[in-house]
Ligand SMILES: Nc1nc2c(ncn2[C@@H]2O[C@H](COP(=O)(O)OP(=O)(O)OP(=O)(O)O)[C@@H](O)[C@H]2O)c(=O)[nH]1
Ligand SMILES: [Mg+2]
């Protein structure tokens, strides 16, 4: 009952290797219990006449058995018996058998996600003074939550000296999301900047380690708290020239353990032409240096995915402007930077690409960022750890609780 991986971190649905009515239940099966629709788990039941007859007696017994006891519950654990509908309908069975209820899966998943909610964790990284902390505030004060991110109005944002997390639970349409932004101290100020990526790399790996310890624990939590970094906004200084060696080195190293999303910081310091030219230059240099940024070409699922992601890759790196100050523009309060020449509105797509970045992170790619983190970056970490350790020993529950604090 307790070992179901939450839906948002489960590996991408795979076609079952063998017919679903043979063998043991697969913990990673994407198929929720068909019985929910019949057994009264809150999803509308098909008309009685539609219940399949020969197989239906089997399907019904599962349906009744699981529907009550596991309402809203454990899609993965019950995939065996419920696979009948799928395997038979593929041979034209659905026409023969009538309504099976596969189309209720989406509704079941929606209900489940609404109940459990989910975590999404973003990290900001880059040279000191590039506006990372300001952008964290901008994100929370913008349409994401319209909440203050911690500093009093008009108070100057202090220099960040240690890794700090800011979280808000945001609720929309009944769905809860805990958005956490990890603010990191800027680097590049020291005379010797060797290995300055280490604290950040360490933080990312520590979150993987926490998750891994929870996973290998004998008595696992029903839902493993996910503090893993799902994406890292890497702030590129708006120099207009080449990338600095420290930036390429930093991104190259981090790109193996986290989804890197490069952004051009303080884009208001460049003209539109300069921005465009700089974007092209940055992209070329990332390619020359073999730095993979998100969305990585090799993980495009299909042609449609590729075409959508190509459009995103074309506009990347997003040129952003941050501000947590509100101003009056045409009788509306907007977040912006006031200059003698006018107000730069951070959420206005004609002024900068902050809104595009926000929509990309939250509206279109949130789930994919989580899946790539789980299936690629975490998996790499996990395999390496298990190999070097000859298999992790189960951790006692006391240790685990400590590791999740
Ligand atoms: N022109 C411009 N200035 C900005 C922008 N974002 C932030 N700033 C200013 O840049 C200065 C540094 O901002 P922070 O947000 O503290 O920068 P940081 O990257 O967190 O700095 P560290 O914590 O030292 O790494 C502040 O004076 C901000 O007002 C921006 O988009 N454009
Ligand atoms: Mg800061």
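Specify the residue that is farthest from ligand 1 (Cβ to nearest atom); the eligible residues are those in segment 113-138 that are at pLDDT below 90 and under 18 Å from residue 361 (Cα atoms).
117
Which residue is surrounded by the most Cβ atoms within 10 Å (Cβ to Cβ), if the candidates are limited to segment 191-200 and must be under 18 Å from residue 237 (Cα atoms) and away from ligand 2 (no atom under 16 Å from the Cβ)?
197
Every residue, every condition in (1) modelled with pLDDT under 85; (2) more than 16 Å from ligand 2 (Cβ to nearest atom); (3) surrounded by 13 or more Cβ atoms within 10 Å (Cβ to Cβ), yes or no:
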| residue | (1), (2), (3) |
| --- | --- |
| 150 | yes, no, yes |
| 157 | yes, no, yes |
| 175 | yes, yes, yes |
| 181 | no, no, yes |
| 189 | yes, no, no |
| 203 | no, no, yes |
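Looking at segment 183-202, which of its residues are part of a helix (DSSP H, G or I), out of contact with any strand residue (DSSP E or B) (no Cβ under 7 Å at 6 or more places or on another chain) and within 22 Å of residue 134 (Cα to Cα)?
Correct list: 199 only.
Within segment 241-334, considering only helices (runs of 4 or more DSSP H) that don't extend past its boundaries, which have at least 1 residues that are closer than 21 Å to residue 195 by Cα?
The qualifying helices (runs of 4 or more DSSP H) are 245-254, 272-288.
Looking at (1) away from ligand 1 (no atom under 14 Å from the Cβ); (2) touching a helix residue (DSSP H, G or I) at 6+ places or on another chain (Cβ under 9 Å); (3) in a loop (DSSP other than H, G, I, E, B), find the lone condition where residue 159 falls short.
If we test residue 159 against (1) away from ligand 1 (no atom under 14 Å from the Cβ); (2) touching a helix residue (DSSP H, G or I) at 6+ places or on another chain (Cβ under 9 Å); (3) in a loop (DSSP other than H, G, I, E, B), just (1) comes out false.
This table checks each residue for (1) within 16 Å of ligand 1 (Cβ to nearest atom); (2) farther than 17 Å from residue 377 by Cβ.
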{"position": "178", "(1), (2)": "no, yes"}
{"position": "181", "(1), (2)": "yes, yes"}
{"position": "192", "(1), (2)": "no, yes"}
{"position": "197", "(1), (2)": "yes, no"}
{"position": "200", "(1), (2)": "yes, no"}
{"position": "203", "(1), (2)": "yes, no"}
{"position": "223", "(1), (2)": "no, yes"}
{"position": "233", "(1), (2)": "yes, no"}
{"position": "264", "(1), (2)": "yes, yes"}
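Would you please list the contacts, defined by Cβ atoms under 6 Å and residues six or more apart or on different chains, that run from a residue in segment 159-171 that is within 19 Å of residue 226 (Cβ to Cβ) to a residue that is near ligand 2 (Cβ under 10 Å from one of its atoms) and in a strand (DSSP E or B)?
164/183
Taking segment 84-112 only, how many residues are at pLDDT 50 or above, assigned to a helix (DSSP H, G or I) and under 30 Å from residue 175 (Cβ atoms)?
11
Being without any contact (Cβ under 8 Å) to a residue 24 or more places away in the chain and touching a strand residue (DSSP E or B) at 6+ places or on another chain (Cβ under 7 Å) is true for just one of 282, 329, 321. Which residue is that?
Every option except 329 fails the conditions.
From 212, 254, grab the single residue that is touching a strand residue (DSSP E or B) at 6+ places or on another chain (Cβ under 8 Å), closer than 18 Å to residue 372 by Cα and more than 14 Å from ligand 1 (Cβ to nearest atom).
Checking each option against the conditions leaves just 254.
The values are calculated or read from the model by the stated rules, or taken from the named source; none is laboratory data. Quantities reported herein were computed from a predicted structural model and do not represent experimental measurements. Neighbour counts run over all protein chains shown; Cβ positions are idealised from the backbone, glycine included.
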